[in-house]
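What follows is calculated from the coordinates using simple rules that are stated; it is not laboratory data. The structure displayed is predicted, hence computed values, not measured ones. Neighbour counts are summed over all protein chains in view; Cβ atoms, including those assigned to glycine, are modelled from backbone coordinates with ideal geometry.
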Amino acid sequence: MKKLLVTGSSGLIGSEVCGYFAQQGWQIHGIDNNQRAVFFGSQGDTRWNQQRLQQTIQDFVHHEFDIRDRKGILDLMAQLKPDAIVHTAAQPSHDRAAAIPFADFDTNAVGTLNLLEAARQSCPESPFVHMSTNKVYGDRPNTIQLKELDTRWDYDDPAYTNGIPETFSIDQSKHSLFGASKVAADVIVQEYGRYFNMPTACLRGGCLTGPNHSGVELHGFLSYLVKCNLEGREYKIFGYKGKQVRDNIHSLDVSRFIHAFIEAPRIAEVYNIGGGKGNSCSILEAFKLAETYSGKAMRYTYLQDNRIGDHICYYSDLSKMREHYPSWDISVSLEETIQQIVESWQARLAKSAVTV
């Protein structure tokens, strides 16, 4: 039985990857220490997801590790020698990073280096998939000519009709400290691939989402928006008239692409992984979709100042992904994704109310 090592296994993408590969017959080892609760407080707690994995995946092995523990990671990798590694653990918020710069960089950059070197020493032939972020492009996407529509911003440059390609520059832009730490991780994953001829991939995610997200204000756009809607809580829009656009990809489709890469790995590849233009929406458009599936009106306030380094409009050009892996494509629509998130939060909030 093939062994898969997943970091951040209790998070949105990590847990989806664990479940997906378990269905493919892999033995799953997860690394997680609920650091999301440290970064975001009780609202970011992921222990419920860890328990779900332990209850639903046969022989799931949970490792209570911090990826900053270099010796622990080196020893674990030497012991397991996994057939593939999927690295999703991170400090994921560009807002939060400014308050915890050492924890942010040590987690995102140094933690990634620890995993890469451990893999190089123990299983250099095993595919290494790193969940990067579109924040590696900094605020450069905001330099593209835009047009303002009724409910969203969109690109007004034919070169970006299909979205942002992997050739887009990451240099000389404002990233946020989070973006900078993820750039460091992204580049070193590529370097281990090129320098040591290891099969690595950086997946520069757009808005990664799904029903198992513990969304909070500083990370987890759609999940947090839906939660606010269901609880009747006021959602804060930060600038850009609420017309800022994100492309949204369901965690299942991320897992499907990771599987495709592991089955036919390449050296030092980079992919912009998101929902593409077809699964994109603005905050205002997301409000309407949430209201459609929840039946509740959205409460919100508008703040003039945008978040530092925030994108006005971003959606991924999926051409390279489709060319390299033609059997892969988006399978879960934006509408279906939001419906699943609504139903998941309804169930979780109902369970929480009963517990209280």
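Figures for the structure shown
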item	result
Förster-model FRET efficiency, 35 Å R0, Glu64 and Phe196, C-beta, rounded to 0.05	0.75
Additional length obtainable on full extension of the chain from Glu343 to Gln172, 0.36 nm per residue less Cα span	57.4 nm
Helical contribution to [θ] at 222 nm, DSSP H n ≥ 4, -39,500 (n - 2.57), averaged over the chain, rounded to 500	-12500 deg cm²/dmol
Contour minus Cα-Cα distance for Gln145 and Thr161 (0.36 nm per residue)	4.6 nm
Three-way shape call for region 38-148 based on the alpha-carbon gyration tensor, with the a/c threshold at 1.5	prolate
Positive dipole terminus of region 247-326, leading residue within Ser251, Gly276, Ala264 (C-beta point charges)	Ser251
Cα-centre dipole for region 1-59 with unit charges at Cβ (Lys and Arg positive, Asp and Glu negative), debye to 20	60 debye
Beta bridge orientation in region 87-224: antiparallel %, DSSP, nearest 5	35 percent
FRET efficiency estimate (nearest 0.05) - Cβ-Cβ, Ala98 to Lys71, R0 30 angstrom	0.50
Among Cys228, Cys281, Cys207, residue whose mean-square fluctuation peaks in a GNM of the chain (springs only between Cα atoms under 10 Å)	Cys228
Percent antiparallel among DSSP beta bridges (both partners in the chain, rounded to 5)	15 percent
Relative contact order computed over the chain (Cα-Cα under 8 Å; 6+ residues apart), in percent	18 percent
Length gained when the stretch Ile308-Val187 is fully extended (0.36 nm per residue, less Cα-Cα span)	41.3 nm
DSSP-assigned coil residues among GluC sites (Glu not before Pro) in region 196-242, each with at most 15 further Cβ atoms within 10 Å	Glu234
Karplus-derived 3J(HN,Hα), 6.51/-1.76/1.60, for each residue of region 83-94, Hz, glycine and proline x	7, 7, 10, 10, 9, 10, 5, 5, 8, x, 10, 6
Mean projection area, nm², convex hull over Cα of region 298-342	5.5 nm²
Rounded, prolate or oblate (a/c below 1.5 giving rounded, otherwise prolate when a/b exceeds b/c) for region 151-230 by Cα gyration tensor	oblate
Whole-Å semi-axes of the ellipsoid equivalent to the chain (Cα gyration tensor, √5λ, descending)	30, 24, 19
Positive-end residue, region 30-146 charge dipole about Cα centroid, Cβ charges, pick of Leu74, Phe128, Asn108	Asn108
Alpha-carbon centroids, region 254-310 and region 88-104: separation in whole Å	20 Å
Of Asn212, Asn142, Asn134, the one that fluctuates the most in a GNM where the chain has Cα springs shorter than 10 Å	Asn142
Student exercise, the chain dipole from Lys, Arg, Asp, Glu Cβ charges, in Debye to nearest 20	440 debye
Fraction of the pair-distance distribution of region 1-79 above 21 Å, Cα-Cα pairs, percent	26 percent
